[in-house]
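Notes to accompany the following structure.
We did not get these values from a lab; they are worked out from the coordinates using the rules stated. Note that the coordinates shown come from a computational prediction; the quantities given were computed from them, not determined experimentally. Every residue, glycine among them, receives a Cβ derived from its backbone with ideal geometry; neighbour counts consider all protein chains shown.
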Amino acid sequence: MAGYGLLLLGPSQHLWFNLLSKALPKRDMLTTFKKMFLGQAVFGPLVTTVFFSYNAALQGENAEEIAARLKRDLLPTLISGAMFWPTCDFVTYKFVPVHLQPLMNSSCSYIWTIYLTYMASLNKVSIE
């Protein structure tokens, strides 16, 4: 899983926060809420899907099993994320300088990854 953080999550956070700061450079409330929305609608689902897929592949699951796991676990995880991430995102986008935003996000991700690891450790989905 260290490979996920080093090779996937870290670089994707760097790209994401730099892209958002260029596309939406202001730090007013409306822009902050736009960034939060994009995080929930685009970045969160993407990295969560990659996390579950990567973890399942490391456990030897095939494509069909990974798809079944995503069907079962992705939506409940994203709903939980919608309760966890807005506070972290608000503080990050409103108060943290862009060059430190990936670090702030990684701090929140540490806590979130504990939950993701729990969700990813659930029993395999039986395919019948």
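In the stretch 59-128, what trypsin sites (Lys or Arg not before Pro) fall in a loop by DSSP, with at most 16 other Cβ atoms inside 10 Å?
Sparse-neighbourhood loop trypsin sites (Lys or Arg not before Pro): 124.
Taking the Cα atoms only, what angle lies between the long axis of helix 10-23 and the longest principal axis of the chain, rounded to 10 degrees?
Once rounded, one gets 40 degrees.
On C-alpha positions alone, give me the angle between the axis of helix 29-38 and the longest principal axis of the chain, in degrees, nearest 10.
Helix 29-38 sits roughly 20 degrees off the main axis of the chain.
Any chance you could give the angle, 0 to 90 degrees and rounded to 10, that helix 63-95 forms with the longest Cα principal axis of the chain?
20 degrees
Springs between alpha-carbon pairs under 10 angstrom, Gaussian network model over the chain: which of 18, 62, 105 fluctuates most?
62
Just in the stretch 1-103: which chymotrypsin sites (Phe, Trp or Tyr not before Pro) are loop by DSSP and have at most 12 other Cβ atoms within 10 Å?
Loop-located and lightly packed - none at all.
Gain in length, residue 108 to residue 31, computed as 0.36 nm per residue apart minus the alpha-carbon separation, to one decimal in nm?
Computed gain between residue 108 and residue 31 is 25.6 nm.
Using a Gaussian network model of the chain with C-alpha springs under 10 Å, which one of 116, 20, 30 is most mobile by mean-square fluctuation?
30
How many Lys pairs in the chain lie less than 28 angstrom apart by Cα atoms, where the lysines are 8 or more positions apart or on different chains?
So the count of such lysine pairs works out to 11.
Mind checking which of 102, 25, 45 has the largest fluctuation in a GNM of the chain, springs on alpha carbons under 10 Å?
Taking springs between Cα atoms under 10 Å, the residue moving most is 25.
Please tell me the relative contact order of the chain in percent, rounded to the nearest whole number, where contacts are Cα pairs under 8 Å and at least six residues apart.
34 percent
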